[in-house]
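Scroll down for the structure; my scribbles are underneath it.
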Amino acid sequence: MAEALAKISQVQDWGMIQIRADLARAGDAIAAAVGVALPERGRITSDGSRSLGWMSPDELLLVLPRAEAAEALAALQDALSTEHALVLDVSDMRAVFRIQGAKALDVLMKLCPADLAAMPEDGLRRTRAAQVACGIWREPGGYVLIGFRSVADYLRGILTGAAAPGTQLDPR
Amino acid sequence: MTETGPFRLPRGGRLIDRAYQLPFRFDGRQMRGLLGDTLASALLANGQLMMGRSFKYHRPRGPIASGAEEPNALLGLGQGGRFEPNQRATTTPLVGGMVTTPQNCWPSLNADIGAVNNWLYRFFPAGFYYKTFMHPRPFWKHVFEPIIRRSAGLGKAPTEADPDRYEQAYAHVDVVVVGGGIAGLTAARDAARDGKSVWLVEQTPHFGGRTPTDHADGQARVDALLAELRGMANVTLRRSTQATGLYDHGYLLVRESLADHDPNAGIPRQRLWRIRAGHVVVASGALERPLSFAGNDVPGVILASAVRDYIDNYGVAPGRRIVIVTNNDDAYRTALVALDAGLEVPVVIDARSAAGGALPAAVRARGVRVLTGSAIAGIKGGQAVEAVKICAHSGSGQVTETVDADCVAMSGGWSPVVHLWSHCGGKLNWSDAQAMFAPDPNRPPTGADGKAMASCVGAAAGDLLVPALTGAQAESATMPVWVMPAHATRKMKFKMWLDFQNDVKVSDVELAAQEGYHSVEHTKRYTTLGMATDQGKVSNINGLAVLSNALNQPIPATGTTTFRPPYTPLTLGTIAGEARGEIFQPLRKTPMHGWHESHGAFFEPVGHWRRPYCYPKAGESHADAVAREIRAVRASVGTLDASTLGKIIVKGPDAGRFLDMMYTGMMSTLPVGKCRYGLICNENGFLSDDGVAARLSEDTWLVHTTTGGAERMHGHMEDWLQCEWWDWKVWTANVTEQWAQVAVVGPKARVLLERLGGQIDLSPEALPFMGWAEGEIAGIPARVYRISFSGELSFEVAVPANRGLELWEKLHEAGRDLNVTPYGTEAMHVMRAEKGFIMIGDETDGTVIPQDLGLNWAISKKKTDYIGKRAQERSHMTDPRRWKLVGLESVDGRVLPDGVYAVADGVNPNGQRNTQGRVTSTYMSPTLSKPIAMGLVLNGPERMGEVLEFPVAGQESYKARICDPVFYDKEGSRANG
Amino acid sequence: MLTLTCPYCGIAAEETELQPGGEAHLKRFGPGSTDEEFEAYLFARKNPKGVHFERWRHAYGCGKWFMAARDTATLQVFGTYSAQTPHPTPEIVAAIRAHRPDWQPDWTEATADTSAESLNA
Ligand SMILES: [Zn+2]
């Protein structure tokens, strides 16, 4: 039996904080509060354990170890106390998957209409995976895919199916 | 002769491997083919010329082509779940062990009873069905429809689930070249040399197209191109890959066959590529046209190019004595290939008055008789060609000579394959010189940038010989021949087939024209020309030429029918892709879903969610379970998984003002710490969603929506914020899934919750009805909302989703002695109906306004505006005759059927009873031990006590008395605990 | 199937990633408006064959609504732009004119000026 195109695993210990604010005004304060540089449009920045992703012109997503979430939430609320801003712990409403392996891109190409091969190294792309919304960025050896918690089983099903052994997209 | 059939030639066959014999079955008989064969070539090698029967007359039919355009050789393929009807033998690669069955014949291929239609062909003219099944009208449903249904359709649909796997994939490519012939290979190379990412897709398993067979050094030229392409990193070559349609903005659908008919390969059978192409190069070649002579459908009459394909590609002789009939030089290639294979060519019948080109000369030099100015007057033979009757082309069919033959290779000229070009609006020009429609490069299909998104090259562009690439010498002109001989009699035209699969003949198209069908699109539908599974690939041009002649107008004045995707049929499994079984669609699950499953929940779909409908115990019916759950809640305490309720955070200095616009009621005045029920309408005034909002802080509200409304309401809010009031400072966030929510309901709800411990004071003083509090419960951070949808004392407890199961389990542990009972959506629905609470989707259907439902108390009189307010001022909305919500009490103890209408006196213009109301919710109430219902009734609130009649077909009419919709605890004291 | 570039993300999204929202630049009429005004706002749509302005939401993406100017017959896209403008921007008008010289805006330039500035102010 051939090997799966990529190893699909679910990540359980990440925390996530959603930040809504006028990024032109509050971007620096946010970056200082979380310790990660402000990402450009469509990108995600990282300092190793924390990442800060651009979700929309007025929305960022901070990804960090779950244990640090409460402290980061407080720091952000503090830093943005004088801004019109919204900071929410959304750690529990997400499902996170790692797609690891040389053919990880093949797996995503079967599910997403986005041109992920053309995504910049530090890109963050929001799109859909089959019938559900997702966000995708690269990590060493593959990709991270985040979606909604309620469809975690569906996401696992489509990712595992797309990674089925022998189904690489190379021409035959 | 070899073991793979009496018609297998001793030598040749560039695509077969004689070392590998493959057994297969056809019509119950065991046969052998070779690796590389198509099903058609293997059957021909075995002497099986007849492969099916036509649709209408059940005429015996053999293949006329060697590729995707084949109209006749359609077989049932496979067994059980893998059975597939209408598979083209000419494009199906032979796989060892294949089981195939002929179609459209009974009891057998050779002795088919339906063939009696064949003798009645004079009674099945164009428009037969329209003319016959017209009168009398009462016969439509019970006589005509069953007859048509029984005889309609070709092949049988499989009855079992398809066990194969399919998948889809997306690609983004600069240039996609469709067709791996020499023109396509060259175009791919040129684009790749420009540095573009290039895909080349070829429908067959082999690159090269016609060039290796038709041109000297053809294979070498193809191999050189392939070698260069294979060395280029920006080029992807895919074989057995069919471009099926080109759509808007360069969206190209392509089917890749991975393991067709090879279930043991362990990989998906087919893959559908959804490609975004910067540009599509159509290099799809050309298709040869049949000639319309009497008897042109007898098995053994085959397109000239296909005859030489079978000989050259597969080492198979379609016949041993082959008569060529043509109006062009190209068909002479078939004579040369046949002669080289040691087959006889007794005569070439050429409709042209002269045949002076190099190819005819070469054939003459081999001693073959060439009869110019000649035609076929008829074919002798029924199930196979026995002899060919020859006549002058200019005459009306006087037979001058009869020549024995077992095969006729015909060529009526070539038509470029312009389907992809035309799918998205590319236009065509008629070329008199070449007798063909070819793409007009000045009128291409255009893309998002307004520029051409496709171009044609090679034969698809009308450059049939591609001399620049093949080195072919010029040939003398094709002479258009649409009917052979030119002045054929009406009787002969009855036997000239245009559409072989649907049995449309020259006589049918002429009759249609005579009856006034002048539009080619109308003629197509009237005669069914080109409407078979082959979509008229070989018949369309001949058909519209005949129509043009009959109408005495030039061919371009008639025009073509519309080319529609897919080019060849797509199997449904490929279209479905991965979406089947468990992942047919996303099923949304709450954090407690696993608990519900392990406790026997029966689930119902609510949007994409699966919610427990009830939790039946062993031997308990659903109705019994629902009744037990309700009694337990009303007597003690129950828990409902309310996690699916939408939860939207609305925050900002303008949040209150914004919510006042969203809701009919006033949300800005809600004090912090309190909850308020609200209604959301659309701009049309109709009720769209409802729920309870809680004010979390001075500038933050948490808005609850219905389960199905979360995404819709969040989108609704964002729409207004982004597109209308974009200067208002408001943020929204849909946090539905961040929280698990449990409704703890019943007189013992407070007792149970207090047992879990925590710092939240749940006393009525600290947490009154419609209040909320924050803190910890059972060591879990929680918000508690004291709201009730059942009329009972009720707390909705929200905790972070990851801890929802923990809370749920602790409630059930701590409440065992209280008989704490999990209840489902049906118990919830019944309890809210007992209280007269409305349900979005039951009492509302997109035409109901809050005023219809007696909800005026939830509409602010002070506000100058809210979404839907202006609409609710329209005369129709303020009409006192609008049906209004009331309760309905069954008079005879029967539960009213859902959705039934109350009748009024008189009848409407259609002769139906007038109506005066309808049932919107109806249940058996376990609490009250009687049926309860709600409905919308004309002047309902003023008609208390009146009895309405609800007729139901086949039953005694239901009768119900109008009453107050609040059936239970009218004082509302129970919610206070 | 269309591809439209979200002006907020710069992403070329395909139609399945987008939610359609009908005709753009409708002016809302609320309480106090006449029946005719309200009817026109709620129901009357231009539905032209040719240049058209419409709303799309980058639903499987940044979640923002944006406007697209396109030809409903040829599906040529002249441009996409911010939803926070009461009329198509001058750049969009220029892009349309470059391909459809005969096309005339059906609004007046005077009102076209109250565009996105208020947002950025
Ligand atoms: Zn976007």
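Things worth noting here:
- Gain upon complete extension [B:N856, B:R320; 0.36 nm per residue less C-alpha separation]: 183.9 nm
- Residues C:T80, B:T700 ordered from highest to lowest accessible area at a 1.4 Å probe: C:T80, B:T700.
- In segment C:1-33, comparing the full protein assembly with the chain on its own, the residues that lose 20 Å² or more of accessible surface at a 1.4 Å probe are C:M1, C:T3, C:Y8, C:C9, C:I11, C:E14, C:T16, C:E17, C:R28, C:P31.
- Note that segment B:223-237 has calculated 3J(HN,Hα) couplings of 4, 5, 5, 4, 4, 5, 5, 5, x, 9, 5, 8, 10, 10, 10 Hz, one per residue in order, obtained from phi through the Karplus relation 6.51 cos²θ - 1.76 cosθ + 1.60 (θ = phi - 60°); glycine and proline are x.
- Proximal charge balance of B:G81 [Cβ under 11 Å; K/R count +1, D/E count -1]: -3
- Calculated FRET value between C:T34 and B:W726, using beta carbons and R₀ = 41 Å, to 0.05: 0.95
- For chain B, the 222 nm mean residue ellipticity estimated from helices alone, with every DSSP H stretch of n ≥ 4 adding -39500 (n - 2.57) and the total spread over all residues, rounds to -5500 deg cm²/dmol.
- Residues in segment C:16-34 that a label on C:W107 would reach, taking backbone N under 11 Å of a point 7 Å out along Cα→Cβ: C:24-28
- Extending 7 Å from the Cα toward the beta-carbon at both B:D865 and B:A452 defines two label points whose distance is 5.3 nm.
- Under the criterion of Cα pairs below 8 Å and six or more residues apart, the relative contact order for chain B equals 8 percent.
- The mean number of partner chain beta-carbon atoms within 10 angstrom of a residue's beta-carbon across peptide B:826-832 is 0.
- Cβ-derived FRET efficiency at R0 56 Å, A:T82 paired with B:E3, nearest 0.05: 0.05
- In this assembly, the A-C interface accounts for approximately 1100 Å² of buried accessible surface in total, computed with a 1.4 Å probe and without ligands, DNA or RNA.
- The interface between chain C and chain B buries about 2500 Å² of solvent-accessible area in total (1.4 Å probe, ligands and nucleic acids excluded).
- Averaged over the residues of peptide A:129-139, the number of Cβ atoms from other protein chains lying within 10 Å of each residue's Cβ is 3.
- Contact with the other protein chains removes 20 Å² or more of accessible area, compared with the isolated chain and a 1.4 Å probe, from these residues of segment C:45-79: C:R55, C:R57, C:Y60, C:G61, C:C62, C:K64, C:W65, C:T74, C:L75, C:Q76, C:V77.
- Rounded to whole numbers, the Karplus 3J(HN,Hα) couplings from phi for segment B:195-206 are x, 7, 6, 10, 10, 10, 10, 10, 5, 9, x, 10 Hz, using 6.51 cos²θ - 1.76 cosθ + 1.60 with θ = phi - 60°, and x at Gly and Pro.
- Point-to-point label distance, B:S763-B:A904, nm (Cα→Cβ direction, 7 Å offset): 5.7 nm
- Carbon + sulfur, % of accessible area of segment A:14-89 - ligands and nucleic acids excluded, 1.4 Å: 47 percent
- Here's the picture: charge each Lys and Arg Cβ at +1 and each Asp and Glu Cβ at -1 in the protein assembly as shown, and of B:Y170, B:M831, A:V151 the one pushed furthest to the positive end of that dipole is B:Y170.
- When +1 charges are put on Lys and Arg Cβ atoms and -1 charges on Asp and Glu Cβ atoms, the dipole computed for the protein assembly as shown relative to its Cα centre reaches about 3240 debye.
- The local environment of B:Q48, defined by Cβ-Cβ distances under 13 Å, has a net charge of +3 under the rule Lys, Arg +1 and Asp, Glu -1.
- C:R100/B:A579 FRET efficiency (R0 41 Å; Cβ-Cβ; nearest 0.05): 0.50
- Between B:E774 and B:D190, the modelled labels are 6.8 nm apart [label points 7 Å from Cα along Cα→Cβ].
- Whole-Hz couplings from phi, Karplus 6.51/-1.76/1.60, listed for segment B:835-850; x for Gly and Pro: 8, x, 7, 7, 10, 4, x, 9, 6, 10, 9, x, 10, 10, 9, x
- Overall form of segment B:203-251 per C-alpha gyration tensor (a/c, 1.5; a/b vs b/c): oblate
- From its DSSP helices (H runs of at least four residues, each -39,500 (n - 2.57)), chain C gives a residue-normalised ellipticity at 222 nm of -5000 deg cm²/dmol.
- For B:K729, the lysines whose Cα falls under 24 Å of its own Cα, not counting residues fewer than eight places away in the same chain, are B:K647, B:K651, B:K674, B:K862, B:K863, B:K869, C:K27, C:K64.
- Amide proton proximity set for B:Q103, modelled H, under 5 Å, gap of 5+: B:R53, B:G76
- When a 1.4 Å probe is rolled over the protein heavy atoms, the share of accessible surface on chain B that falls to carbon and sulfur comes to 53 percent.
- Summed side-chain charge close to A:G141 - residues other than A:G141 whose Cβ falls under 14 Å, Lys, Arg +1, Asp, Glu -1: +2
- Most to least packed among B:8-15, A:157-164 [average Cβ atoms within 10 Å]: A:157-164, B:8-15
- Unit charges on C-beta of K, R, D, E only; dipole of chain B, Debye: 1740 debye
- Peptides B:197-203, B:655-661, B:809-815, B:301-307 ranked from most to least packed give B:301-307, B:197-203, B:655-661, B:809-815, packing being the mean of other C-beta atoms within 10 angstrom over each peptide's residues.
- Accessible-area order (highest first, 1.4 angstrom probe) of the listed residues B:K524, B:K748: B:K748, B:K524
- Fully extending the segment from B:V99 to B:R525 would add 149.9 nm, taking 0.36 nm per residue of separation and subtracting the current Cα-Cα distance.
- In a reduced charge model with +1 at each Lys and Arg Cβ and -1 at each Asp and Glu Cβ, chain A shows a dipole moment near 700 debye about its Cα centre.
- Contact with the other protein chains removes 20 Å² or more of accessible area, compared with the isolated chain and a 1.4 Å probe, from these residues of segment A:74-101: A:H84, A:A85, A:L86, A:L88, A:D89, A:D92, A:M93.
- Once C-alpha pairs closer than 8 Å and six or more residues apart are averaged by separation and normalised to the residue number of segment B:290-412, the relative contact order reads 34 percent.
- Close amide H pairs (under 5 Å, H built 1.01 Å from N) link A:E139 with A:V144, residues at least 5 positions away or on another chain.
- Lys pairs under 23 Å by Cα in segment B:439-588, provided they are eight or more residues apart or on distinct chains: 11
- Computed over protein heavy atoms with a 1.4 Å probe, the accessible surface of the protein assembly as shown works out to 39 Å² per residue.
- Eligible lysines near B:K810 by straight Cα distance, threshold 16 Å, same-chain separation 8 or greater: B:K748
- For a paramagnetic label modelled on B:Q553 (point 7 Å from Cα along Cα→Cβ), amide N atoms under 16 Å away belong, within segment B:514-540, to B:514-525.
- Cβ neighbours within 10 Å from other chains - mean over B:398-411: 0
- Annotation for the B:A interface, with buried accessible surface near 3500 Å², both sides summed [1.4 Å probe; non-protein components not counted].
- Across chain A, the relative contact order, built from alpha-carbon pairs under 8 Å that are at least six residues apart, equals 28 percent.
The values are calculated or read from the model by the stated rules, or taken from the named source; none is laboratory data. Everything quoted here is computed from the prediction, not taken from an experiment. No Cβ is skipped: glycine too gets one built from the backbone with ideal geometry, and neighbour counts run over all protein chains shown. The area values use the complete protein model at the heavy-atom level, side chains included, leaving out ligands, DNA and RNA. Shrake-Rupley method; radii C 1.70, N 1.55, O 1.52, S 1.80 Å.
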